[in-house]
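This report concerns only the one structure given below.
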Amino acid sequence: MFRVLLKGSKFVTNIKNGNRDLISVSYHSQDTIRDLHLSEWYQEAYQELVRLAGILKNVSLTNGKLLNMDNDSIIKDERISYDMQTFKSLARTLITSPSTQKAIPNSCFGKLEEREPIVLNSLTRVSDFLNVTAQQRKEVRLTICPQVTQHHIWRGALEEILKSLRSEIGALQCHPPIPTLLMGEQIVCSCLQFLANVTQSSDLDSPVWMKLATQKKADDLPPRKWGDLLEMFNDLIKCFRREKRLVHHVMKLEAMKEGLYQIKEVPADKDSGYKESRHQEHLVKKKLSQHLGHSSKCLFTLLLYYLYGSVTDIEVDLCGGIRGKGKSFNLCIGQILTSDDEKMVWSGIRNLDQAIKLFKFVWETAGMKGALVLEGHLWSVNAEERQVSYRGNTFLVQCIRT
């Protein structure tokens, strides 16, 4: 019996009824595999990979979420999560096998750093990968800020984060209700109500010359400010800080706090007239553009919403790197799948397509020389090898071998 346990950056390999026990092997590097013939290790690892593929057949790990591909439901089982980590780590090692490497164009994924996963969660991370210079990064920031800090992008991104969080809370809630989840849900609803009451000039359905500010009574409260939403975000983060199942949402709340802090004194008054609404929108855009730096995760979240209408960071299983010179450069990236089922394959393609769209956007905005061409790889056990074209890019469905 062969069993692989993920322990830090290494596997503890346990072979029962044999001559070896507890042989430590790096899950990436062939050089550290000792006392076990390499081909024998590949065979044992492959059998374990096949076993895990059977368990995880309909499960996909997409951008931090385990999904049941049969019904698109989120899986919260820690054992399944553990099995998925082990499956992907084993697959990264098996991609180095001679028979698998022969089928890979351009010798991608042969080096350790080319088989590492990458989470695209900031412009700095993307720029580092593309080798964008400091001067070019400045140009990227100056170019995208006016686009992604528009008021409807800012408000839309906040709403997307809160609605996704509310949906997740609903999926986690049980009977009797968990107090922290219940309290958090109430705060989320208050945040969404705040945003619903923020008037945009484009929302005003009466002609400009007819739209007047609502006459306030003497005992009316002062107009709300974006700082009110910042306080609610702080309360949400405190509420969910220790809730592991909501960690990705908390990270997004933390990211958006940076922008909220910069505009905390800007009014967000639903009763403003047209001119005042336009002035408030201008202040939001101006302050965000001035203060959100290139490394800002808030700025990056706004960019994601601008490009995709989504705020989820993009995770890629294998960052093969860039090859080429002159007028053409190949970007090799890959995704590890538990099966080559069509739904699974297209899910992987769409994830890689989002990544290449982001890479291309930064590449072209930075004025990098040459065209950036995607070479996407999708790996699974017993895959029917084929080539798929999607939105002008090429994706190779490939089989993991021993």
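For the range 290-356, what is the accessible area per residue in Å², given a 1.4 Å probe and the full set of protein chains?
35 Å²
Let me know the shape class of the range 299-363, please: from the alpha-carbon gyration tensor, a ≥ b ≥ c as square roots of the eigenvalues, rounded when a/c is under 1.5, otherwise prolate if a/b is greater than b/c, or oblate. Could the numbers behind the result be given before it?
Working: a/c = 2.27, a/b = 1.06, b/c = 2.13.
Oblate is the answer for the range 299-363, as a/c is 1.5 or above yet b/c matches or exceeds a/b.
Quick one: length gained pulling Cys189 to Ile74 fully straight, 0.36 nm per residue minus the C-alpha distance?
On the way: separation 115, 0.36 × 115 = 41.40 nm, distance 2.21 nm.
Separation in residues times 0.36 nm, less the Cα-Cα distance, equals 39.2 nm.
On full extension of the chain, what length is gained from Asn234 through Leu112, given 0.36 nm per residue of separation minus the C-alpha to C-alpha distance? Write out the running numbers ahead of the final one.
Values: separation 122, 0.36 × 122 = 43.92 nm, distance 3.97 nm.
Here the segment from Asn234 to Leu112 would lengthen by 39.9 nm.
Applying 1/(1 + (r/R0)^6) with R0 = 56 Å to the Cβ-Cβ distance of Lys65 and His37, what FRET efficiency is obtained, to the nearest 0.05?
Taking R0 as 56 Å, the efficiency between Lys65 and His37 is 0.90.
Say R0 is 51 Å: what FRET efficiency, to the nearest 0.05, do His279 and Arg386 get from their beta-carbon distance?
Numbers: r = 56 Å, r/R0 = 1.10.
Calculated transfer efficiency: 0.35.
Using the Cα centre as the reference, give the magnitude of the dipole from point charges on the C-beta atoms of the range 278-402 (Lys, Arg: +1; Asp, Glu: -1; all else neutral), rounded to the nearest 20 debye.
So the magnitude is around 800 debye.
On a C-alpha basis, how far is the centre of the range 173-194 from the centre of the range 316-352 in Å? Whole number, if you could?
Taking the Cα centre of the range 316-352 as reference, the centre of the range 173-194 is 38 Å away.
Between rounded, prolate and oblate, where does the range 49-169 land on the alpha carbon gyration tensor, with a ≥ b ≥ c its root eigenvalues, rounded for a/c under 1.5, else prolate if a/b exceeds b/c?
oblate
Each label point is 7 Å from the Cα along the Cα-to-Cβ direction; what then is the distance between the points at Lys357 and Ser164, in nm?
So the two model labels end up 1.4 nm from each other.
By its C-alpha gyration tensor, with a ≥ b ≥ c as the square roots of the eigenvalues, how is the range 134-205 shaped: rounded for a/c under 1.5, else prolate for a/b larger than b/c, else oblate?
It is oblate, given that a/c is not under 1.5 and a/b is not larger than b/c.
Simple spin-label model, 7 Å along Cα-to-Cβ: Leu142 to Ile55 in nm?
According to this spin-label approximation, the distance is 5.4 nm.
Can you tell me what share of the DSSP beta bridges in the range 224-383 is antiparallel? A percent to the nearest 5 is fine.
Numbers: 8 of 17 bridges.
Here the share of antiparallel DSSP bridges comes out near 45 percent.
Given a Förster radius of 45 Å and the C-beta distance between Lys286 and Lys244 as r, what FRET efficiency does 1/(1 + (r/R0)^6) yield to the nearest 0.05? Spell out each step's value before the answer.
Values: r = 38 Å, r/R0 = 0.85.
In this case the efficiency is close to 0.75.
Quick check for me: using +1 on Lys/Arg Cβ and -1 on Asp/Glu Cβ, what's the dipole size of the range 32-188 about its Cα centre, in debye to the nearest 20?
Here the range 32-188 has a charge dipole of around 420 debye.
Are any of the pairs Lys88/Lys297; Lys65/Lys297; Lys238/Lys297; Lys252/Lys285 more than 22 Å apart by Cα-Cα distance, and if so, which?
Working: Lys88/Lys297 27 Å; Lys65/Lys297 20 Å; Lys238/Lys297 20 Å; Lys252/Lys285 20 Å.
Going by Cα-Cα distance, Lys88/Lys297 fall outside the 22 Å limit.
The values are calculated or read from the model by the stated rules, or taken from the named source; none is laboratory data. Treat the numbers as computed from the prediction; the structure is a model and nothing was measured. Methodologically, a virtual Cβ is constructed for each residue, glycine included, from the backbone with ideal geometry; neighbour enumeration extends over all protein chains shown. When the accessible area is computed, the model is the full protein with side chains, heavy atoms only, and any ligands, DNA or RNA have been set aside. Shrake-Rupley method; radii C 1.70, N 1.55, O 1.52, S 1.80 Å.
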